[in-house]
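The values are calculated or read from the model by the stated rules, or taken from the named source; none is laboratory data. Since we're looking at a predicted model, the values are computed, not measured. When we count neighbours, we look across all protein chains shown, and the Cβ atoms used for this are built from the backbone with ideal geometry, even at glycine. Quick note on the areas: whole protein, heavy atoms, side chains included, nothing else; ligands and nucleic acids left out. Shrake-Rupley method; radii C 1.70, N 1.55, O 1.52, S 1.80 Å.
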Amino acid sequence: MFSLFRKRKQQAWEPDRLPRHIAIIMDGNGRWAARRALPRTAGHAAGAETFRRVATYCKDIGIEYLTVYAFSTENWNRPDDEIGAIMQLLEKYLHEALGKMERDKVKMKFFGDVTILTPELRKLISDTEELSKKFEGVQVNICLNYGGRDELVRAAENYAKDFAAGVAPQEKLTERAFSRYMYSADIPDPDFIIRPSGEMRLSNFLLWQSAYSELYFTDVLWPDFNERELDRAIIAFQERDRRYGGLKT
C-alpha cells in the first residue's frame, strides 16, 4: 500500500474525480515485438502481462469498470498461428483468474460473439462469468470476437424479435430502451477511452457507448503501457471539461 500511495502523490491525480469506467484498446503488441526482432506472439504475451498489471492497478485505485478490446471481429484475418497464440493466452489467463477470483473479487464479463470459439474456451468463459456473479468489486469486461457495428446489428435484430413477440416496448423506441440490447446493458458508458500505439481511431470499438467518452491517444505501445502511463492518462482526463453538449456553468 505504501508504494501505491507514493505513486498517487507523485502523479497528483485527484482520487475523488477518477473516471468510473475506463476502456482500453490494447494496441501495439506486434510492433513492440518487431522492434525487438521477436515473433508477434511474444508481443501478445507481453501485452497479456500488461493487461494483468493495469487491471490490478485499476482495482487498487478504485476504478469501477475496465473494458478492454482483446480480439475484434476483424482479427480473424490475421495468420492462424497468431490467432492460436492469442486464444492460448486467453485460456491461460482465464484458468489463472478462476483460481484467484475468490481472493481478488473481480467480476468478469465478455462482450462479443463467443459461440464460434472452441468448446473448451466457451466453458471457461461461462465458468468465469458464473463465478463472477457473486462478486461486487471491479468489473472487467473483455471484448472478444467483438465489433461495434456487429453489436449494433445484433441489438437491432434482438429488439425486432422482442417487438414482434410483444416483449419489447411497443411505443416509441428510446435510446435507453435500445441500450438494454447491448452487451453492456446495465453498465455505465465509458467515461474514458485510451488507445496506446499512436493510432488515432476507435477501430469499431464501443461505437454506441462512446458517444460522450473522452478519448486519449499515446504513442506508447501496449506492452510498455504501465501504471505510470495510466496515471498520466487519468491526469489528462481530469483536466478536461466535460459538458455533454451543454454550456459550462
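A few remarks follow.
- Taking residues in region 115-127 that are closer than 13 Å to Lys92 by Cα, and partners anywhere that are of a type outside the set (S, T, N, Q) and open to solvent by 90 Å² or more (accessible area, probe 1.4 Å), the pairs with Cβ atoms closer than 8 Å and at least 6 places apart or on different chains are Leu124/His95.
- Answer from Leu124, Leu94, Leu98, Leu89 - the residue that is crowded, with 16+ Cβ neighbours inside 10 Å and over 18 Å from the mean Cα position of the chain (by Cα): Leu124
- Residue check for Phe205: within 21 Å of the chain's Cα centre (by Cα) and surrounded by 13 or more Cβ atoms within 10 Å (Cβ to Cβ): yes
- Residue that is among the aromatic types (Phe, Trp, Tyr), open to solvent by less than 40 Å² (accessible area, probe 1.4 Å) and over 18 Å from the mean Cα position of the chain (by Cα), where the choices are Tyr146, Tyr159: Tyr159
- Leu215 meets each of the listed conditions (1) farther than 26 Å from Ala42 by Cα; (2) not in a strand (DSSP E or B) apart from (2).
- Test: residue in region 55-63 that is in contact (Cβ under 8 Å) with a residue 60 or more places away in the chain and among the aliphatic types (A, V, I, L, M): yes
- Look at region 13-37: where a residue is of a type in the set (D, E, K, R) and a partner is crowded, with 21+ Cβ neighbours inside 10 Å and part of a loop (DSSP other than H, G, I, E, B), sitting 6+ places away or on another chain with Cβ atoms under 6 Å, you get Asp27/Pro196; Asp27/Ser197; Arg31/Leu221.
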